[in-house]
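Novice: For reference, the structure I am asking about is given below.
The values are calculated or read from the model by the stated rules, or taken from the named source; none is laboratory data. These numbers come from a predicted model, not from an experiment. Glycine gets a Cβ as well: all are built from the backbone with ideal geometry, and neighbour counts include every protein chain shown.
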Amino acid sequence: MKSKQVKKLDEADGKWTAIEGIENRYHMRVAVIPGKGDCYMVGGSDDAECQNPKNKVYCISKAGDVRAKKGMSVERGRVGLCVGQLISEASTLFQKTYIFAVGGQGKNGELLSSVEKYSTKADMW
């Protein structure tokens, strides 16, 4: 059964509950930021066939807070995501963290070949 509801697992009772504050969509993608634990929900579509993709981005903090972030410049469903982190030689702390959105599916099923880079610090694509 297909579902477009975003849920979280309550480890104490083993039950899944809906996450409030996120538009429910099909084909959303997830990027988790290593070391910080923030979970970014990216793109998606209103329909299962991905004919109406979205550019919305949400961040769920480790504490469970949901924040809307700056949307991608291109609406993408079924987008590929990866995380890149840069560290300085003087510190083991991550100085910059980026999420890369690669390809995906645009309006009316158009296949996309473009790439966008998101700065988690600046909240900018």
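Novice: Six or more apart or on different chains, Cβ under 8 Å: which pairs go from a residue in the range 6-31 that's under 23 Å from Ile99 (Cα atoms) and in contact (Cβ under 8 Å) with a residue 12 or more places away in the chain to one that's loosely packed, with under 11 Cβ neighbours inside 10 Å and basic (Lys, Arg)? Could you list them?
Specialist: Tyr26/Lys2
Novice: Which residue is surrounded by the fewest Cβ atoms within 10 Å (Cβ to Cβ), if the candidates are limited to the range 27-51 and must be assigned to a loop (DSSP other than H, G, I, E, B) and in contact with a Gly (Cβ under 8 Å, 6 or more places away or on another chain)?
Specialist: Glu49
Novice: Go through the range 23-62 and count every residue that is within 11 Å of the chain's Cα centre (by Cα) and not charged (D, E, K, R).
Specialist: Here is the first cut: in the range 23-62, the ones within 11 Å of the chain's Cα centre (by Cα) are 27-33, 38-44, 55-60.
When the remaining residues are screened for being not charged (D, E, K, R), the result is 27-28, 30-33, 39-44, 55, 57-60.
Selection size over the range 23-62: 17.
Novice: Quick check on the range 12-26: of everything there that is surrounded by fewer than 17 Cβ atoms within 10 Å (Cβ to Cβ) and either of a type in the set (Ser, Thr, Tyr) or part of a strand (DSSP E or B) (or both), which residue is modelled with the highest pLDDT?
Specialist: Lys15
Novice: Just name the residue that is surrounded by the most Cβ atoms within 10 Å (Cβ to Cβ) out of those in the range 52-82 that are outside any loop (DSSP other than H, G, I, E, B) and of a type in the set (Gly, Ala, Ser).
Specialist: Initial filter on the range 52-82 (outside any loop (DSSP other than H, G, I, E, B)): 53, 57-60, 66-69, 77, 80-82.
Still in the list and also of a type in the set (Gly, Ala, Ser): 68, 77, 80.
Numbers: Ala68: 12, Gly77: 27, Gly80: 13.
It comes out as Gly77.
Novice: Could you tell me which numbered condition Gly106 fails, if it satisfies all but one of (1) on the phi < 0 side of the Ramachandran plot; (2) in contact with a Ser or Thr (Cβ under 8 Å, 6 or more places away or on another chain)?
Specialist: (2)
Novice: Step by step: first the residues of the range 99-125, then only those that are under 21 Å from Lys36 (Cβ atoms) and surrounded by 16 or more Cβ atoms within 10 Å (Cβ to Cβ), then the one that is modelled with the lowest pLDDT. Which residue is that? Spell out the reasoning first.
Specialist: Going residue by residue through the range 99-125, those that are under 21 Å from Lys36 (Cβ atoms) are 99-101, 116-125.
Applying the additional criterion that residues be surrounded by 16 or more Cβ atoms within 10 Å (Cβ to Cβ) yields 99, 101, 116, 118, 120, 125.
On the way: Ile99: 97, Ala101: 98, Glu116: 97, Tyr118: 98, Thr120: 94, Trp125: 97.
Of everything passing the filter in the range 99-125, Thr120 is modelled with the lowest pLDDT.
Novice: Contact list please: Cβ distance under 9 Å, first residue in the range 96-125 and in a helix (DSSP H, G or I), second residue at pLDDT below 95, pairs at least six apart or on different chains.
Specialist: Taking only residues 6 or more apart or on different chains, the pairs are Lys107/Gln51; Lys107/Asn52; Asn108/Gln51; Asn108/Asn52; Gly109/Glu49; Gly109/Cys50; Gly109/Gln51.
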